[in-house]
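Colleague: Below you will find the structure I want to go over with you.
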Amino acid sequence: MRSGAARLATARCPIPHSRPCLGPSEQAAAARVLASARLAPGPEAARLESYLARMLDAADALAVSSGTMALTLALRALGIGPRDDVALPSYTCAAVLHGVRAAGARPLLVDIEPHTLSIDPEDLSRRATRRLRGVVLVHPFGIPARVEPLRARGLLVVEDCAQALGAGDRGRPVGSRGDAAVLSLAPTKVITCGGPGGALASPRADIVRRARDLASHDGRETDAPRVNALMGDLHAAIANVQVDRLREFRDRRDAIAARYDEAFAACGLKRPAAPPGSRPMVYRYLIRTPDSSRLLDRLAARGVMARRPVLIPLHSLIGATGSFPATDDAQREIVSLPIYPALGSGEISTVIEEVLRCRP
């Protein structure tokens, strides 16, 4: 005989951890491009690049096929290659590791700060090598991370804004303080292009110009390693609509987070605080619990698809030597709850109810 939890899980539709917010405007934009038969990079891609450059206070931007490709191109355009080490946090997704490797550089894994969840500058100093030339500064889960401690080391900084488009820090947009910024426009991100997609931007137009040269094979007079990486107009048209909706999305995420904050305050479940003077994009709503595995299993049995925000920390993935205590603690304790603009009011109430019921 099935348990009450099992019956409950099958009696209603599960609440997914992520879900894109798409509507008639995105459908109309896609239909318009399909009717034009112009699918290659064209005016829609150029419009998206102009939008993103303005949003990030950049000199120029480039729309490409994925966030991973954007990172690889940004590193290569900055001159980082096989003789260089690039630091990155262990508590992030494998795509960042793969982007560094695809540029030919050697990844240098670094622990995170326990409270900010961003790369720990002091741990970076302890692990630094003579070959260290750059760092991928991930703004974790939409929380702005500070660039200045890394700049002080004289490193090239690529800001990974895949989860933080629309966030700000002391009056400036996240992504505007590094040598380059990279974005993901995948279906689960803050905004989407309707499939895999990404972009890079830089305050230096020459960096974007080099990346653009590396991202297409055609019409080149020199033989250099290049890739076919430019975003076509179909995906760009969808992304342009999503850019126009960014404020709507941010306000909706803030409203959901406020409901969670109020409901969980009494039992001590608090999300990580953003640095003073910053405005996060609440891409993930994170709570800490002594036994995340137990909570995840209980929520799943009751139809709430919470997740670990990082599937496998990078030091565990590659078997790196050394200790990463803050990363290990985060992996053991942090749970990511559903939060996205398409989450309905009733679904929010269900998430709250089940978290309060299922927490250890």
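Colleague: Write down the accessible area per residue of the range 143-221 in Å², having rolled a 1.4 Å probe over the full set of protein chains.
Modeller: 36 Å²
Colleague: Cα axis of helix 292-301 to longest principal axis of the chain: angle in degrees, 0 to 90, nearest 10?
Modeller: Taking the Cα atoms of the chain, the angle to 292-301 is about 70 degrees.
Colleague: Below 14 angstrom from the Cβ of ILE256, what's the summed charge of the other residues (Lys, Arg +1; Asp, Glu -1)?
Modeller: Summing Lys and Arg as +1 and Asp and Glu as -1 gives +1.
Colleague: Just subtract the alpha-carbon distance of GLU333 and ARG131 from 0.36 nm times their residue separation and send over the number in nm, one decimal.
Modeller: Difference between extended and current length: 69.3 nm.
Colleague: So if I place +1 on the C-beta of Lys and Arg and -1 on the C-beta of Asp and Glu, and nothing else carries charge, what would the dipole magnitude of the range 45-84 be about its Cα centre? I want it in debye, nearest 20.
Modeller: Computed about the Cα centre, the dipole is about 80 debye.
Colleague: By how many degrees, 0 to 90 and rounded to 10, does the Cα axis of helix 43-55 deviate from the longest principal axis of the chain?
Modeller: Long axis of 43-55 versus the principal axis of the chain: about 70 degrees.
Colleague: Continuing with the same structure: Short version: ³J(HN,Hα) in whole Hz for each residue of the range 165-175, in order, from phi by Karplus 6.51 cos²θ - 1.76 cosθ + 1.60 (θ = phi - 60°), x for Gly and Pro, what are they?
Modeller: These are the phi-based 3J(HN,Hα) values: 4, x, 7, x, 9, 6, x, 10, x, 4, x Hz.
Colleague: Sorted by accessible area with a 1.4 angstrom probe, largest first, how do GLU262, GLU333, GLU26, GLU148 fall?
Modeller: Solvent-accessible surface, decreasing: GLU262, GLU148, GLU333, GLU26.
Colleague: Ok, one more. Taking amide hydrogens as modeled 1.01 Å from N in the peptide plane, which residues meet the under 5 Å criterion relative to ILE15, leaving out close sequence neighbours?
Modeller: Amide H neighbours of ILE15, under 5 Å, 5+ apart: VAL304, MET305.
Colleague: For the range 26-119, how big is the tail of P(r) above 16 Å, as a whole percent of Cα pairs?
Modeller: Working: 2951 of 4371 pairs.
The answer is 68 percent, as a whole percent.
Colleague: Is the C-alpha gyration tensor of the range 125-216 telling us rounded, prolate or oblate? Criteria: a/c under 1.5 is rounded; beyond that, a/b larger than b/c is prolate, otherwise oblate.
Modeller: Here the range 125-216 falls in the oblate category.
Colleague: Which residue, ALA167, ALA266, ALA102, has the most motion in a Gaussian network model of the chain that connects Cα atoms within less than 10 Å?
Modeller: Of ALA167, ALA266, ALA102, the most mobile in the Gaussian network model is ALA266.
Colleague: Further question: For helix 24-36, what angle does its Cα long axis make with the longest principal axis of the chain, in degrees from 0 to 90 and rounded to 10?
Modeller: That works out to roughly 30 degrees.
Colleague: Shifting gears a bit: Considering only the chain, what is the antiparallel percent among its DSSP beta bridges, to the nearest 5?
Modeller: In the chain, approximately 55 percent of DSSP beta bridges are antiparallel ones.
Colleague: Can I ask one more? May I ask what percent, to the nearest 5, of DSSP beta bridges between residues of the range 1-142 are antiparallel?
Modeller: 10 percent
Colleague: Can you send over the carbon and sulfur percentage of the accessible area for the range 261-360, probe radius 1.4 Å, protein chains only?
Modeller: The value for the range 261-360 is 52 percent carbon and sulfur by accessible area.
Colleague: Here's a follow-up. Work out from phi, with θ = phi - 60° and the Karplus expression 6.51 cos²θ - 1.76 cosθ + 1.60, the ³J(HN,Hα) of each residue of the range 99-111, listed in order in whole Hz, and give x for Gly and Pro.
Modeller: With the stated coefficients, the range 99-111 comes to x, 5, 5, 5, 6, x, 8, 9, x, 10, 7, 10, 6 Hz.
Colleague: For the chain, what is the calculated [θ] at 222 nm in deg cm²/dmol (nearest 500), taking -39500 (n - 2.57) for each run of four or more DSSP H residues and dividing by its residue count?
Modeller: The per-residue figure over the chain is -12000 deg cm²/dmol.
Colleague: Also, I was wondering about something else. Leaving out ligands and nucleic acids, note down the accessible area per residue over the range 270-360 with a 1.4 angstrom probe, in whole Å².
Modeller: Details: 3900 Å² over 91 residues.
Result: 43 Å² of accessible area for each residue.
The values are calculated or read from the model by the stated rules, or taken from the named source; none is laboratory data. In this text, all values refer to a predicted model and were calculated from it rather than measured experimentally. Please note: Cβ atoms are built from the backbone with ideal geometry, for glycine as well, and neighbour counts cover all protein chains shown. With ligands, DNA and RNA removed, areas are computed over all heavy atoms of the protein, side chains included. Shrake-Rupley method; radii C 1.70, N 1.55, O 1.52, S 1.80 Å.
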